[in-house]
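Read-outs: derived from the displayed coordinates by stated rules, not from any lab. Quantities reported herein were computed from a predicted structural model and do not represent experimental measurements. All Cβ positions, glycine included, derive from the backbone under ideal geometry; neighbour counts span all protein chains shown.
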Amino acid sequence: MKIYDGKYILIGLLVFVGVITFPIWFNLGKAAPPPEPKLDTPVIMQMAQKQCVLPREEMRTGHMQILNDWRTQVVRNGKRMYVAADGKTYEMSLQNECMRCHSNKTQFCDQCHTYAGLKLDSTPYCWTCHVPPKETK
Amino acid sequence: MGIRFSLAAVVALVLAVFLGIKAAGLTYFFGVCVPYAAILAFVGGVVYKVLKWRRSPVPFRIATTAGQQKSLPWIKQDRLENPVTKKEVVGRMLLEVFLFRSLFRNTKFQMDQGPKLYYQWEKWLWLAGLLFHYAFFIILVRHLRFFTNSLPFFVEPLERLDGFLQVGLPGVYITDALFIVAVTYLFIRRIVIPQMRYMSLPADYFPLLLLLTIGVTGIMTRYFTKVDLLKVKQLAMSLVTFNPIVPEGIGVIFFIHLFLVSILLAYFPFSKLMHAGGVFLSPTRNQPNDSRIVRHINPWNYPVKVHTYAEYEDHFREKMVEAGLPVEKELPAEATTPQAGKE
Amino acid sequence: MAKVPKPNELVIDHRLPGTGWMDTPVVFRPGNFSYPGKAKNLQAVGLPNPREWSPTDEDWKLPPNWKQIILEGLRERLDKYRSLRLFMDICVRCGACADKCHFYLGSGDPKNMPVLRAELLRSVYRKDFTLAGKIMGKMAGARKLTEDVIKEWFMYFFQCTECRRCSLFCPYGIDTAEITIIGRELLNLIGCNIDWVVGPVANCYNNGNHLGIQPHAFKDMIEFFVDEIEAVNGIRVEPTFNRKGAEILFVTPSGDVFADPGTYTLMGYLMLFHEIGLDYTWSTYASEGGNFGLFTSHEMMKRLNAKMYAEAKRLGVKYIIGGECGHMWRVINQYMDTMNGPADFLEVPVSPITGTRFDNAQSTKMIHIVEFTADLIKNGKLKLDPSRNDNLIMTYHDSCNTSRGMGFLEEPRYVLKNVVNNFYEMPPNTIREQTFCCGSGSGLNNDEFMEMRMRGGLPRANAVQYVHDKHGVNAMSCICAIDRAVLTASMNYWVPDVTIYGIHELVGNALVMEGEQERTTDLRGEPLPGMEDAENEDI
């Protein structure tokens, strides 16, 4: 088979295949294991019924919206209390309420955000204002 | 007719995956088998097609010259529109590939009574085309966060730039909106402009509808029927590390998104979408206009039958001699008369 | 022959037919097609399937295995031309080309949109050469090759002048000229060609030029112009023919030998060469610059073009100068050296007057007369009196081939500005690389095709009309023999006040020659500006 302009086209094809397979060689075949946050903070351990403000699945995909709503309610509307579906009330506060149970930022925030490829200091931008609780390592 | 056919095809594809997941629970098939097959078809297909193009030679230098040629030293050559050196050709190709230079020339005609012709400003096609391609490209790069353990350095700045409006939660990406707007424009344009509609084939509507659906489902997984990102990433990572697992509980919208992307990939090499590769090989753009300076070689150049001067002179010798034109062979003294009789 | 409607009666309707293009059959009617090639002309150059036929016939008398011939021909060309293979695959039908075609603008026939012209061939390619087309048929834009498809090809590949304007706007550089050239090549395989192309080809092959002028007549005709020049300024120029040992071979399209106003351009060449004392010769064997082979097939182009180098070699000249012609220069710039080179028996052209070395033609060893003259003027070697052209308010028409197949834009303008005082450009969308075709290039300059020619000529004429109305332009110059013939007709039709000139006719007018008598007329015998009275006084 005769070929023409072989060199340039071959280089082009190599670049193409290289770019398309970027994730394969960039990871070198190793996948980081998906994070499994441990629910072992002192506060959670003491809870009889281990229940957050919303069911676990909804918290996974919707926690950012809850946090955002809470911020708006508190900062803009001056409302501080949140009534959950089961009638329980919560103080709408990241530091005082959320972090009371999920007291470990590395465990409950960073782990998953890192896995999902989010930049910790900017997205989410919770920590541009809030100060994370001190962690004992 | 073309629109209905393409629309039906896209609806059928969506329905197929919806039923496949919801009714038959074929998550492994749609989450692993189809994407693998699609990427194989895509890479294999593109390579095959380009190699096929490569097998045909470029026998002649047929650059479309769009500016002043290299000529006398005091005449300014238009180096990008009429390149002569390799560097100039690369410059022209960069403009073509990254800025759609040729399409930028576009105009629209209008004919009034008279008849009188006008050529109006028309950059919308260029703009929509450019926006669509760049938005699509950035969206693709952003998706790398599902496919890599540690984020490549260029993804985050791109994301931040793309989301700099900081509107909504999760933050709205500008490229998402541009993508939808541009594809919609390209689609509507095809339907509304009579000439466009007349020349369009099902193969023109289908990719646009496919892209539109991919865009919409993608946006849905992010903003509306939210999908568990960690599971999606787990699936994606398992695919690129060749250790496929489909975690439980990924929403059907995601599977629709993934399936349509797979269809797009597999469809790509066998359709007009190959213009992406073809633009690099286009002989009217990637050749220098230097065929008076350097001899271009046609690999299949073959000898042809020509009418030689000797044959020509044999035919006209008598007339030439009579007219005082120089000849190679003089007339034979005797044989003149009978030959003239034949003429 | 059909009567051509008057300009104000010509209906140009851009509304689309109710049926899709695949379901709209072609209708041959007087004025929209060219007469088919005569059997004797096909035979003269050994083209297949010579016969007497007409496009209006039901039966085109194609060879029994015509389908196989076409498909195999297409396969062969897909393997030979990357351009074709690529252009068949990558069009996205974005529509940018649609309204760039002069034939579409002037006719409103959607199949004259370059994209659909190419689809005529693409649909057949898809059916027989792609998987999608084989399986999905019409849904993939594929269709069967039938006699009706051949008729459609014949109609529309001979309603394209290969001007490449659409290619300029195509984001992938798809060149309809390339598709038309190969489409015509395929049609030629089964004997479907037009006589206005095959006739000149046969003439050129056997007699040396398109018009079939035989050697003695060629010499006579040129000598007639020698007399004409003498009548104008009293100088007797002395052209030579087939002269061995001349420094330069001069080749120009035979149209300039034969018909006004090209003949005046030819007189301009003779005067210029005489004035600078150029050691050059004409050839009766290579007496054609143009190449209608380009409008037939690549092979025919090569067969006709071969004469230039062959003759240059036989005569032992140093290099070749080519006259003003459009498609001739496309062939010389993009094909000649590749096809019939290397011209290693010639030398890199050096102007004997100025010493300028034409490095931009260092391989072909052939330069354009306008390049040559521009260099003379730049170096102050010519005495010019542009006021002799002061009765002309001039504009300039770029030929498609020299613009988009070469980039020959500034040289003619430079010469022009030195020989005329009043010069106005047409609107930017219609000149330089965006120039519009004259309307009848690529062998379509025949009388029976007149209606389509006038339609195709409309965009150019419109731009002329614009400068005519705005600046009072009454003359248009060009560097193409076909243009000179075509534009004369189309201006007559659309903008009757505008006359067509070749650049070297204007040079001839302005050139102050040594020892000339006082000139009272231009080369056409019209009084020079300010000399109208001198003429009248005699009466």
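Points to keep in mind about this one:
- Karplus 3J(HN,Hα) series, Hz, for region C:232-243 with 6.51 cos²θ - 1.76 cosθ + 1.60 (x for Gly, Pro): 7, 9, x, 9, 9, 7, 10, x, 10, 10, 6, 8
- DSSP-assigned coil residues among chymotrypsin sites (Phe, Trp or Tyr not before Pro) in region B:49-88, each with at most 14 further Cβ atoms within 10 Å: B:Trp74
- Counting only DSSP beta bridges with both residues in chain C, the antiparallel share comes to about 20 percent.
- Per-pair calculated FRET efficiency, R0 = 51 Å: C:Val348 and B:Leu140 via Cβ, rounded to 0.05: 0.50
- Sparsely packed loop sites in region B:1-108 (the trypsin sites (Lys or Arg not before Pro) outside DSSP H, G, I, E and B with at most 16 other Cβ atoms within 10 Å) comprise B:Lys76.
- Choice from A:Asp86, A:Asp69, A:Asp40 showing the highest fluctuation, given a GNM over chain A with Cα pairs closer than 10 Å: A:Asp86
- Per residue, the Cα convex hull of region A:7-58 amounts to 121 Å³.
- Label-to-label distance, B:Asn301 versus C:Glu516, with points set 7 angstrom from Cα along the beta-carbon direction: 4.2 nm.
- Those residues of region A:37-69 whose amide nitrogen sits under 19 Å from the label point placed on A:Lys79, 7 Å along Cα→Cβ: A:53-55, A:63-69
- Binned Cα-Cα distances of region B:1-150, short to long, each 10 Å bin given as a whole percent: 8, 15, 28, 24, 15, 7, 2, 0
- Shape of region A:40-118 from the C-alpha gyration tensor: oblate (a/c of 1.5 or more and a/b not above b/c, with a ≥ b ≥ c the square roots of its eigenvalues).
- Loop-resident sites, region C:53-95, for GluC sites (Glu not before Pro), counting at most 13 other Cβ within 10 Å (DSSP): C:Glu58
- Look at the alpha carbon pairs under 8 Å that are at least 6 residues apart: their mean separation over the length of chain C gives a relative contact order of 17 percent.
- Helix C:262-276 axis, angle to chain C major axis (alpha carbon atoms, nearest 10°): 40 degrees
- Pairs of alpha carbons in the protein assembly as shown separated by more than 58 Å make up 26% of all such pairs.
- Reachable aspartates and glutamates, given that their alpha-carbon falls under 18 Å from the alpha-carbon of C:Lys100 and they are not under 8 places away in the same chain: B:Asp112, B:Glu122, C:Asp13, C:Asp109, C:Glu119, C:Glu162, C:Asp175, C:Glu178, C:Asp398, C:Glu433
- Given +1 at the Cβ of Lys and Arg, -1 at the Cβ of Asp and Glu and no other charges, the dipole of the protein assembly as shown around its Cα centre is 6160 debye to the nearest 20.
- Global geometry of region C:132-186, whether rounded, prolate or oblate, following the gyration tensor of its Cα atoms and the 1.5 cut on a/c: oblate
- Kyte-Doolittle at least 0.5, axis length at least 20 Å by Cα - qualifying DSSP helices, chain B: B:2-22, B:34-55, B:124-142, B:174-192, B:202-223, B:252-267
- Annotation: amide H-H contacts under 5 Å for C:Tyr501 (H modelled 1.01 Å from N, sequence separation of 5 or more, or interchain): C:Met476, C:Ser477, C:Cys478.
- Counting Lys and Arg as +1 and Asp and Glu as -1 over every other residue whose Cβ lies under 13 Å from the Cβ of A:Met47, the net charge comes to +2.
- Ellipsoid fit via the Cα gyration tensor, chain C: semi-axes of 41, 26, 21 Å, each the root of five times an eigenvalue, largest first.
- Note on A:Ser93 and A:Val15: with the Förster distance fixed at 41 Å, the Cβ-Cβ geometry gives a FRET efficiency of about 0.20.
- For region B:225-270, the equivalent ellipsoid derived from the alpha-carbon gyration tensor has semi-axes of 20, 15, 7 Å in decreasing order.
- Signed unit charges on C-beta, dipole axis of region A:44-97, positive-most listed residue A:Val53, A:Val75, A:His63: A:Val75
- Prolate/oblate/rounded label for region C:360-402 (Cα gyration tensor, a/c 1.5): oblate
- A cut-off of 5 Å between modelled amide H atoms, ignoring neighbours fewer than 5 places along the same chain, links C:His368 with C:Gly322.
- A Förster radius of 22 Å, combined with the Cβ-Cβ distance separating B:Ile188 from C:Thr19, puts the computed FRET efficiency at roughly 0.40.
- Share of alpha-carbon pairs per 20 Å distance bin for chain B, given as whole %: 21, 42, 22, 9, 5, 0
- Local electrostatic count at C:Thr146 - Lys and Arg +1, Asp and Glu -1, tallied over other residues with Cβ under 11 Å: +2
- Amide H to amide H distances under 5 Å link C:Val512 with C:Lys383, C:Leu384, C:Asp385, where only residues 5 or more positions off or on other chains count and H is placed in the peptide plane.
- Compared with the dominant principal axis of the Cα atoms in chain C, helix C:298-315 is inclined by about 30°.
- In Hz, Karplus ³J(HN,Hα) per residue of region A:96-104 (6.51, -1.76, 1.60; θ = phi - 60°; x = Gly, Pro): 7, 9, 4, 6, 5, 7, 7, 6, 10
- Its Cα gyration tensor gives region C:202-510 an equivalent ellipsoid; the semi-axes, largest first and in whole Å, are 28, 23, 19.
- Compared with the dominant principal axis of the Cα atoms in chain C, helix C:114-129 is inclined by about 40°.
- Region C:358-480 - Rg over Rh from alpha carbon coordinates, Kirkwood radius: 1.00
- Region B:2-281: relative contact order as a whole-number percent, Cα under 8 Å and 6+ apart: 30 percent
- Calculated P(r) tail over 19 Å for chain A, as whole % of Cα pairs: 64 percent
- Stretch gain in nm, segment B:Tyr118-B:Leu7, where the contour uses 0.36 nm per residue and the Cα spacing is subtracted: 36.3 nm
- Total formal charge among the other residues, if their Cβ is under 11 angstrom from that of C:Val350, Lys/Arg +1 and Asp/Glu -1: -1
- Here the Kirkwood formula puts the hydrodynamic radius of region C:1-136 at 18.0 Å, using every distinct Cα pair.
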